[in-house]
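Below is one structure; the comments refer to it alone.
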């Protein structure tokens, strides 16, 4: 099972590079989730991450133009951003990810990979109800939402390509997932 580490700038703030560096040895991809930030500042922060992790597969939230300028490998999209097929047409070298919040939305995604959430809990107090122990509704889907070193094993054998989460970088040494460092 692969790991998609989510480095959320609102969560980690100026410690985002420390969190990314800790995640790098075990994560297949690192998603730099940064919102509410202008393109210039986003590019500056993304370039720092790329400089620190030149060999890691890096994904940026929503901004394909900034991802390309920063030398990132992909862009992670959602329902209010560009569609994956548009990004693939305009930025053919970028990997596309998509945040789905239902099994139907996940199955309809045209992205290279999809996250589905929340599985165990929502990061927002008034967020959507957890989906629970579902099977992956499509290929190349990462389970997201409340996943930690104590409960990830419940997802094994359910068809997920991997797990994703913000807390994963804090617990890197506690995961014993076949195929990870």
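Cβ-to-Cβ counts within 10 Å put 62, 14, 105 in ascending order as 14, 105, 62, the fewest first.
Using just its DSSP H runs of length 4 or more, each adding -39500 (n - 2.57), the chain gives a mean residue ellipticity at 222 nm of -6500 deg cm²/dmol after division by all residues. Let me make sure I get this right: for segment 51-126, a, b and c are the square roots of the gyration tensor eigenvalues over alpha carbons, sorted descending. Under 1.5 in a/c it's rounded, otherwise prolate if a/b > b/c, else oblate. Which is it? Verdict is oblate for segment 51-126. Here the residues 81, 61, 102, 56, ranked from fewest to most Cβ neighbours within 10 Å of their Cβ, fall in the order 102, 81, 56, 61. A simple spin-label model places the labels of residue 158 and residue 83 3.0 nm from each other, with each point 7 Å out along Cα-to-Cβ.
Computed from label points 7 Å out along Cα-Cβ, the spacing between residue 126 and residue 104 is 2.4 nm. The simple spin-label model puts a point 7 Å past each Cα toward its Cβ; for residue 17 and residue 150 those points are separated by 3.4 nm.
Put in line by how crowded their Cβ is, counting other Cβ atoms within 10 Å and starting with the fewest, 55, 101, 76 read 55, 101, 76. Take the alpha-carbon centre of segment 88-164, take the same for segment 1-60, and report the distance between them in whole Å. Taking the Cα centre of each part, segment 88-164 and segment 1-60 sit 19 Å apart. Relative contact order of segment 1-150, taken over Cα pairs closer than 8 Å and 6 or more residues apart, is 14 percent.
All of the numbers you see were taken from the coordinates with simple rules; none came from a lab. Since this is a predicted model, take the numbers as computed values, not measurements. Backbone-built Cβ (ideal geometry, glycine too); neighbour counts: all protein chains shown.
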